[in-house]
Structure formats: C-alpha cells, structure tokens
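The structure appears below as structure tokens.
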Amino acid sequence: MNYTYKQIWLINFPVMMSILMEQLINITDAIFLGHVGEVELGASALAGIYYLAVYMLGFGFS
C-alpha cells in the first residue's frame, strides 16, 4: 500500500472539516446559551462533558 499525500488528504479533508464544523456548532450553542442564562450555560457545559466522554469512548473502540 503506497498512498500519496494527495490521496490521504482527499480522504482526510472532509472528515477534518466535519469535525471542525461540529465543534463550531457547539461553540455557537454555548454563545447563545450564555445570553439566555447562567444555569442554561452550565447545563450545556455539563452535557458537553458527558458528550465528549461518550464520543472519545466510541472513538477509542474504532
């Protein structure tokens, strides 16, 4: 298996962009919830920690 950098980037770039967009959505949600209230922002942060733990667990099994 001899892959070129171009072939690797053709596969890697869409995955990288989808992960980046997912993080931008989370940041946007946090900004909007910060305007709603402190409790709501805290709930979002707590849910984000649980989401990250489950996401990393699934990522580790793949």
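The values are calculated or read from the model by the stated rules, or taken from the named source; none is laboratory data. Please read these numbers as outputs of a predicted model, since none were measured by experiment. We place every Cβ from the backbone using ideal geometry, glycine too, and count neighbours over all the protein chains shown.
Points to keep in mind about this one:
- From Tyr3, Tyr55, Tyr51, residue being hydroxyl-bearing (Ser, Thr, Tyr), at negative phi and outside any helix (DSSP H, G or I): Tyr3
- Some residue of segment 25-38 being of a type in the set (A, V, I, L, M), modelled with pLDDT of 90 or more, surrounded by 10 or more Cβ atoms within 10 Å (Cβ to Cβ) and touching a Leu at 6+ places or on another chain (Cβ under 9 Å): yes
- Residues in segment 36-48 that are aliphatic (A, V, I, L, M) and closer than 12 Å to Asn26 by Cα: Leu41, Ala45, Ala47.
- Of the numbered criteria (1) over 12 Å from the mean Cα position of the chain (by Cα); (2) among the aromatic types (Phe, Trp, Tyr); (3) at pLDDT below 90, the one Tyr51 fails is (1).
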